[in-house]
Amino acid sequence: MPMPTLMPMLPMPPLPLPLPGRPRLGRAPLLPLLLLLLLAGPARPISFQLPGKTRKCLREEIHRDTLVTGEYEIGAPPGSSTGPSANLKITDSAGHILYAKEDATKGKFAFTTEDYDMFEACFESKLPVGTGRMPDQLVTLDMKHGVEAKNYEEIAKVEKLKPLEVELRRLEDLSESIVNDFAYMKKREEEMRDTNESTNTRVLYFSIFSMCCLIGLATWQVFYLRRFFKAKKLIE
């Protein structure tokens, strides 16, 4: 039986060493950078069609002490000679009017929130429906809040900041906003956990009370039936 021949082992090529002065980047340091880049991306405006004699509202939850800015534009229906005709009203959950404009066509608004709340921007068309189908109005709303609402160009002019300093200021505000969001989420998680624990405790006490009521009712029923049967002389 012939002996198997052994193949000579080739030497492994050496692993490439990192160049001096150029540290190797891993995946972990890139994740926060990608997250910041995604969050720092510009928000796109919202566009929708507003039919005649209708009302459409947009809602959004915003934290307290947050600057909110917005820019809107209402286009005239194609082939219409009357032009755009709609009312804009921005309110909170309590019904307080933060901004209102009748016969709105184009404009801007800004306000600062006092508390965490649900805010609503409603557009109401004033065009008559008529016998035929009236073309819809095109509404465009660009609403920003927090870091997106700040005008860093004006801040740079007032404080005389360099472009790099402006970018660092923006990243600092963005990081603070992310930290505040996580703190708020942690607070809500604690509140919901406390609510769940309180609900579980109440359910436990109610279950014990129900069992005690059932045991008491069963005991009373046994004694009552025993006394009834004794009265009827059915048992001794």
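The values are calculated or read from the model by the stated rules, or taken from the named source; none is laboratory data. For clarity, every value in this text was computed on a predicted model and none was experimentally measured. Note that we place each Cβ from the backbone using ideal geometry, even for glycine, and neighbour counts take in every protein chain shown. Note: accessible area is taken over every heavy atom of the protein model, side chains too, but ligands, DNA and RNA are not part of it. Shrake-Rupley method; radii C 1.70, N 1.55, O 1.52, S 1.80 Å.
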- Among the residues of the stretch 177-197 satisfying the criterion of being of a type in the set (A, V, I, L, M, F, W, C) and free of Cβ contacts under 8 Å to residues at least 24 places away in the same chain, which is least open to solvent (accessible area, probe 1.4 Å)? A183
- Message: Residues that are in contact with a strand residue (DSSP E or B) (Cβ under 8 Å, 6 or more places away or on another chain) and either among the charged types (D, E, K, R) or at pLDDT below 90 (or both): does the stretch 33-43 have at least one?
- Response: yes
- Hey, among L164, L234, L174, which residue is in contact (Cβ under 8 Å) with a residue 40 or more places away in the chain and either at negative phi or open to solvent by 80 Å² or more (accessible area, probe 1.4 Å) (or both)? L174
- Check the stretch 145-159 and report whether any residue there is part of a strand (DSSP E or B), in contact (Cβ under 8 Å) with a residue 40 or more places away in the chain and open to solvent by less than 90 Å² (accessible area, probe 1.4 Å). yes
- Message: Any residue in the stretch 57-70 that is over 21 Å from E124 (Cβ atoms) sitting within a Cβ distance under 9 Å of a residue that is of a type in the set (A, V, I, L, M) and open to solvent by 60 Å² or more (accessible area, probe 1.4 Å)? List the pairs, counting only those 6 or more apart or interchain.
- Response: E61/M118; I62/M118; L67/A110; T69/A110
- Message: Quick check on my filter: what residues within the stretch 81-106 are surrounded by 18 or more Cβ atoms within 10 Å (Cβ to Cβ) and at pLDDT below 85?
- Response: P84, S85
